[in-house]
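**Student:** Pasting in a structure now, in structure tokens, and then I'll have a few things to ask.
The values are calculated or read from the model by the stated rules, or taken from the named source; none is laboratory data. Quick caveat, the model's predicted, so the values are computed rather than measured. Cβ sites come from the backbone with ideal geometry, for glycine too, and all protein chains shown count toward neighbours. Just the protein is used for accessible areas: all its heavy atoms, side chains included, with ligands, DNA and RNA removed. Shrake-Rupley method; radii C 1.70, N 1.55, O 1.52, S 1.80 Å.
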Amino acid sequence: MRFVANFKMNHTRASTLEYIDIINRELEGFECQNVLIFPPATALCEGKGKVEVGAQNAYFEEKGAYTGEIGLEQLREFEISKILIGHSERREILGESQEFVAKKFEFFKEQGFEIIYCIGEPLSVRKQGKEALFEYLFSQFTNIDTSYENFTIAYEPIWAIGTGVSATVEDITLVHEGLKKEFNKELLYGGSVKLSNIEEIAKIETVDGVLVGSASLDAKEFAKMVKKA
Ligand code: PGA
């Protein structure tokens, strides 16, 4: 079972370093896979103990004239080799098109990064039924090389992100089974995963891990979730 924490625009460098120490302390002697955290760019650092660190975002170049972005050079400084691509907040709020997302995927694939690739539908699509749902989700794989070995799919329905209302076991199972059949990849679920629902989500057969936003921000609470699952 994989535990991934997406801090989004939360935490500072100081609080991230403290977070890593708390996780290591809380999980000492506890048998589990490493925890992977995605802090904001200003808090990137090397992983330590049970905690690995990845980038929430980066531009698809080594370095150059891309104001406000970070690239491979900046990630290498901290030995970062994992990246989140396709998150709905980047697609919806920052306006990243499928074409742009795919370019990022291709670049970081070439660099051998582990890619956590996010997909997910808005409520309006979900309401249109199964066929529309899968058509929408599969369209988010346009120009994505799904034969790349080092990538994991995170299914995160937009209506469940940050709303406190997770998708149901049936919702997750339906989508995960479809994704498993099509791509046969490791699958995460994300969208309001928290201490009170982690057990039932972790039990779903197709769920290989969780991508957690809000409930991951407190290190002690996140460690509790790891233990509970
Ligand atoms: P949430 O966010 O856990 O706050 O719903 C999940 C995500 O966006 O990755």
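**Student:** Which condition from (1) open to solvent by less than 70 Å² (accessible area, probe 1.4 Å); (2) closer than 30 Å to T206 by Cβ; (3) more than 19 Å from the chain's Cα centre (by Cα); (4) not basic (K, R) is the one that S15 breaks?
**Tutor:** The number of the failed condition is (2).
**Student:** Could you tell me which residue of the range 166-192 is most open to solvent (accessible area, probe 1.4 Å), considering only residues that are more than 16 Å from the ligand (Cβ to nearest atom) and either without any contact (Cβ under 8 Å) to a residue 24 or more places away in the chain or assigned to a strand (DSSP E or B) (or both)?
**Tutor:** Among them, the one singled out is K181.
This table checks each residue for (1) open to solvent by less than 40 Å² (accessible area, probe 1.4 Å); (2) of a type in the set (V, I, T).
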position: G29; (1), (2): no, no
position: V35; (1), (2): yes, yes
position: P39; (1), (2): yes, no
position: E46; (1), (2): no, no
position: T67; (1), (2): no, yes
position: I80; (1), (2): yes, yes
position: G86; (1), (2): yes, no
position: E89; (1), (2): no, no
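**Student:** Which pairs do you get when a residue that is under 20 Å from L84 (Cα atoms) and open to solvent by 10 Å² or more (accessible area, probe 1.4 Å), found in the range 203-222, comes within reach of a residue that is among the basic types (K, R) and away from the ligand (no atom under 12 Å from the Cβ), reach meaning Cβ atoms under 7 angstrom, with the pair 6+ apart or on two chains?
**Tutor:** Qualifying pairs under 7 Å: D208/R2.
**Student:** Mind listing just one residue for me: the one in the range 149-159 that is open to solvent by less than 50 Å² (accessible area, probe 1.4 Å) and touching a residue at least 40 places away in the same chain (Cβ under 8 Å) and, of those, farthest from the ligand (Cβ to nearest atom)?
**Tutor:** That would be F151.
**Student:** State whether one or more residues within the range 136-147 are surrounded by 22 or more Cβ atoms within 10 Å (Cβ to Cβ) and either modelled with pLDDT of 95 or more or within 13 Å of the ligand (Cβ to nearest atom) (or both).
**Tutor:** Within the range 136-147, one or more residues are surrounded by 22 or more Cβ atoms within 10 Å (Cβ to Cβ) and either modelled with pLDDT of 95 or more or within 13 Å of the ligand (Cβ to nearest atom) (or both).
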